[in-house]
Amino acid sequence: MTRDDLPAIVVDTSDVAAVRTPAGRGASTSVYALAYASGVLAFIAIGVYQNAWLHRSVGTSFLLAALWVVPFIALAHVLDAALYRGRRRARSATGRRAAVRIAAAAAAAGYPDLPVELLASRLLQDDNGPVPYTGVGREPYQPLRTWELATADPSIAVTVTRDGAPETTRVSAATVPARRDGAP
């Protein structure tokens, strides 16, 4: 089957849109970076204080600093596991189920196998960066919700586009540029 014979496929992915993290909401990484930086600074400050002003040995002062700092880092990991890990797993499972639905619909329409893991990660991403030539002057950046994915057949690539109010994902055949060495 050639690229021109493949129909466009539209699949409802509103379930993924419901669990996708909105832009600016995934702040846990920056919170952890700040917590670790604060922990390192606290470790150094407590260690220096114990060594310089209380005249303890270096090993003892660093051990006391670790006893002050490590429980807070452990508590942060326990809270993350208790509060967020289950949501992340559910979110990943929803994205994977939608990607399997899209890959099955594409296979039924005659497309070569689509990479399900890559498709799931693209469905869970907020966007693919700004649309080129937007954000100029007073015009705000427009999100680009289009991805090009390779398939199992190197002569056929697909374009995956998300849009709509109840979100849908459209899969269509993309143009694969010809190689310069004459290979197919």
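Throughout, read-outs are computed from the coordinates displayed, never taken from laboratory work. Please read all numbers here as calculations on a predicted model, not as lab measurements. Cβ sites come from the backbone with ideal geometry, for glycine too, and all protein chains shown count toward neighbours.
At-a-glance table
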{"item": "Computed Rg/Rh of the chain, alpha carbon atoms with Kirkwood Rh", "result": "1.21"}
{"item": "Helix-only CD estimate at 222 nm, as mean residue ellipticity for the chain, using -39500 (n - 2.57) per DSSP H run (n ≥ 4)", "result": "-16500 deg cm²/dmol"}
{"item": "As computed over segment 87-171, the Cα convex hull volume per residue (Å³)", "result": "111"}
{"item": "Pair A35, Y133: separation of 7 Å Cα→Cβ label points (nm)", "result": "4.6"}
{"item": "Within the chain, longest stretch free of exposed trypsin sites (Lys or Arg not before Pro) [DSSP loop, at most 15 other beta carbons within 10 Å]", "result": "26-137"}
{"item": "Qualifying chymotrypsin sites (Phe, Trp or Tyr not before Pro) in segment 37-79, DSSP loop, other Cβ atoms within 10 Å at most 16", "result": "W53"}
{"item": "Distance histogram for segment 41-127 (every C-alpha pair counted, 5 angstrom bins, percent rounded to whole numbers)", "result": "3, 13, 13, 10, 8, 7, 6, 7, 8, 7, 7, 5, 3, 2, 1, 0"}
